[in-house]
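Notes follow the structure.
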Amino acid sequence: MPVVEYRGMALVIPENDSEWKEYFAAARAHRLLLRACAACGRLRYPPSHGCPWCADLGWTWREVSGRGTIYSYEIVVHAIQPGFRDWAPYPVVLVELDEQRGQPTVDEALRIVANLVRPDFRPEAEENVAIGKRVRVVFQDLADEVALPQFTLTDEPLAGRVWRLA
Amino acid sequence: MSGLRDRYCVVGVGETEYSRDSGRSTRAMAVEAIRAAVLDAGLRPAEVDGMLSYQLADSTPAPWVAADLGLRLNFYLDVLGGGSSTEALVGLAMGAIEAGMCQTVALFRSMNGYTEVRIGGTGARAAQPVRGLDLAQRPYGMTSAGQNFALTFMRHMYEYGTTSAQVAHVRAAHSRHASQNPKALLKERVTVADVLASRWIVKPLHLLDCCLETDNATCLIVTSAERARDLRQRPVYVMGVAGRVSKPRTDFHWAHGPITRVAGYFARDIVFGQAGITPADVDVTGSYDAFTFTTMLQLEEYGFCAKGEGGAYVSSGIIELGGRRPNNTSGGHLCEGYTHGMSMVIENVRQLRGTVDDYCPGGREGTHSYDYAPGRCRQVRDATIAMNMGWASPPTASALILRR
């Protein structure tokens, strides 16, 4: 059973973890895998056992591009977890992936929480974090079996309004 | 309208001191709050035969405190949960009585939210192993309520132009109310500028956008309207109740729908439908002000203003004592103290009785000056209908409409 120490936390992913084990193992291979419904084909996150759109129990892992747009963010200035104190201020971003945006309704999308990091996995500077900015997934290796999907800014052209808290 | 409208009443309210230094157990506090509520109702302890509590593995079970007061219970249930539980349990109490399982229910929350299990997530909670669904957020340094809600607030600012200054009016208003509340932990009035000058916790939240971890216990007594007629207090009738109404998913609500939509959107039609009224009929509101932003989101989702206009609504003066529809007249979680929602229901019960415990001589007997200067009155004149809005997180809401 992998127990990975990260920033003072024990990340526990038991052998019988039916949701996350393969997700984090795929991340360690630097692939972002989401579950796709065997019946309707729609992707979902976080990993789960029934399809929220058609309630089918069949699913397969499907690799996604890991590219997306910042849908919302926050800057943690006062860290709660002791292991994050030397990391603050750090951004938490809610990333909307390019796949399945606006499906099956205009308000839906695949959205993932992560940190916005620089190439060295330090937190991105606050002045560079904004809703609407383009990002791509990167993988922070933590152990032989586990990596943490994170996001980093890209230089892709922006489409839509970019906004940050003044 | 619901078949149960006006058929059940809140007949007793009780609470301990709001402190950050209780120095005693949740059991001791629960017993004190329940006893106060029973006496407030004019009941003998043995006349309470049902008990409900809510907790997050941080409190004392209902049957233990019942035994301390010599109550033999015909029904009890300890429910897992924090915010949004109060209103839901009022509905469950009505259901238990309606089903014939018991006749009078005490529901309580007791917590050492500052000195024992800190609601903000520091201490023991921060050291817990991360597994299951927690893996989706906690490895990213996202664990506290503020950290969990801030993404919703930030997106609201992006979509609707809501500003920090607008929501800071919530803190300013609630601090004005707390200045007339002898029980409040923070009685000093603060300004919008004070809120904006306070240090950042998690942007867009300043320190003064956040509520106060508190030690206390609170209790409500619910019984039938028929039984209520013989009791000590003017009955406060339940017009409508909605419990733990959720968005399409609560585990990771980012995954579905617009994230600026909170669960009050779904609770609104249930609770107003039962009550047969509209938001315009409500005289006093009780929001779940864990944060300034949560008040704004709830008020707009329940229809007190249009979606997206919450910032303008809360900064207009409407929510202040003397305004058209005061909110959290006790000072609420932001200033009186944090109770996972029960204290705002207690306050509204007292408002509807006309016996708010302010600084007016004779206030508890119903004699008020309606002078809203600091250290004076906080009774709303002729308060007839009050609404409480419970919140567990953006995707879970409860609601309660009461009348005198």
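Which of the trypsin sites (Lys or Arg not before Pro) found in segment A:70-166 are in a DSSP loop and have at most 14 neighbouring Cβ atoms, other than their own, within 10 Å?
Sparse-neighbourhood loop trypsin sites (Lys or Arg not before Pro): A:Arg85, A:Arg161.
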Can you tell me which of B:Gly363, B:Gly390, B:Gly332 moves the most in a GNM of chain B? Springs connect C-alpha atoms under 10 Å apart. B:Gly363
What is the distance, in nm, between label points placed 7 Å from the Cα along the Cα-to-Cβ direction at B:Glu47 and at A:Asp144? 7.0 nm
Karplus (6.51, -1.76, 1.60) ³J(HN,Hα), θ = phi - 60°, over segment A:106-113, in Hz, Gly and Pro reported as x: 4, 8, 9, 5, 8, 10, 10, 8
What is the local net charge at B:Ala30, summed over the other residues whose Cβ is closer than 15 Å to its Cβ (Lys, Arg +1; Asp, Glu -1)? -4
Once Lys and Arg are counted +1 and Asp and Glu -1 for all other residues with Cβ under 11 Å from that of B:Ser59, the total becomes -1
Counting other Cβ atoms within 10 Å, which trypsin sites (Lys or Arg not before Pro) in segment B:226-292 have at most 12 and lie in a DSSP loop? B:Arg229, B:Arg232
Averaged over A:144-151, number of beta-carbon atoms from partner chains that fall within 10 Å: 1
Given the C-alpha centroids of segment B:117-147 and segment B:232-260, what is the distance between them in whole angstrom? 24 Å
Pseudo-spin-label distance B:Ala165 to A:Phe121, built 7 Å along Cα→Cβ, given in nm, is 4.3 nm
Using the Kyte-Doolittle scale, find the helices of chain B whose mean hydropathy is at least -0.5 and whose Cα atoms extend 18 Å or more along the helix's long axis, counting only whole DSSP H runs. B:26-41, B:85-98, B:145-160, B:164-178
Using the Cα atoms as the points, what is the convex hull volume per residue of the protein assembly as shown in Å³? 148 Å³
Of the candidates B:Ser224, B:Ser287, B:Ser330, which one comes out as most mobile in a Gaussian network treatment of chain B with C-alpha springs shorter than 10 Å? B:Ser224
Read phi for every residue in segment A:92-97 and hand back ³J(HN,Hα) as whole Hz from Karplus 6.51 cos²θ - 1.76 cosθ + 1.60, θ = phi - 60°, with x for Gly and Pro. 10, 10, 9, 9, 9, 6
Along each of its three principal axes, how wide is the spread of alpha-carbon positions in segment B:170-319, in whole angstrom units, largest first? 52, 43, 30
Fraction of alpha-carbon pairs in segment A:3-153 farther than 27 Å apart, rounded to whole percent, equals 25 percent
Sparse-neighbourhood loop hits (GluC sites (Glu not before Pro), segment A:5-92; DSSP loop; Cβ within 10 Å at most 12 others) -> A:Glu15
Please compute the net charge surrounding B:Met389, taking Lys and Arg as +1 and Asp and Glu as -1 over other residues with Cβ under 9 Å from its Cβ. -2
With chain A treated as a Gaussian network of Cα nodes joined by springs under 10 Å, which of A:Ala27, A:Ala147, A:Ala125 yields the largest mean-square fluctuation? A:Ala125
What are the ³J(HN,Hα) values, in whole Hz, obtained from phi via the Karplus relation 6.51 cos²θ - 1.76 cosθ + 1.60 with θ = phi - 60°, for each residue of segment B:325-330 in sequence order, with x given for Gly and Pro? 8, x, 10, 6, 5, 7
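Each value in this text was obtained by applying a stated rule to the coordinates, not by laboratory testing. Quick caveat, the model's predicted, so the values are computed rather than measured. Glycine gets a Cβ as well: all are built from the backbone with ideal geometry, and neighbour counts include every protein chain shown.
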